[in-house]
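Novice: This structure is in structure tokens; I'll ask about it shortly.
Quick note: the coordinates plus some simple rules give every number you see, no bench work behind them. Not measured: the values here are computed from a predicted model. Heads up, the Cβs are rebuilt from the backbone with ideal geometry, glycines too, and the neighbour counts pull from every protein chain shown.
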């Protein structure tokens, strides 16, 4: 099922993990081994969850690295889905106009 407006992984980290374990940004950043400013950018949706960050999140918060990356990919797709015009794109196997 495709979500229309999937949340950024940073929203889940803030609302679920940080709230549940009463973690500050500084404390969680230290646990992840990253600068607080790096984590702040992820929490605010200004930076994507990278493969490296997904490994760190997996070790500290749980879930698989793949699930963190999938969450980021779903967010990215949701963000551009309404902006990309695919009207001129033709699937393989259909009659394409000759140029």
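Novice: Quick check: the angle from helix 65-81's long axis to the longest principal axis of the chain, C-alpha only, nearest 10 degrees?
Specialist: Computed tilt is about 50 degrees.
Novice: Could you list 4, 17, 75 in order of exposure, starting from the residue whose Cβ has the fewest other Cβ atoms within 10 Å?
Specialist: Least to most surrounded, the residues fall as 4, 17, 75.
Novice: Let me ask something else. The range 74-93 to the range 9-37: how many Å between their Cα centroids?
Specialist: Each part reduced to its Cα centre gives a spacing of 33 Å.
Novice: At q = 0.10, 0.23 Å⁻¹, work out log10 I(q)/I(0) for the chain with the Debye formula, treating every Cα as an identical point scatterer and leaving solvent out; two decimals please.
Specialist: Once normalised to I(0) and log-transformed, intensities are -0.36, -1.21.
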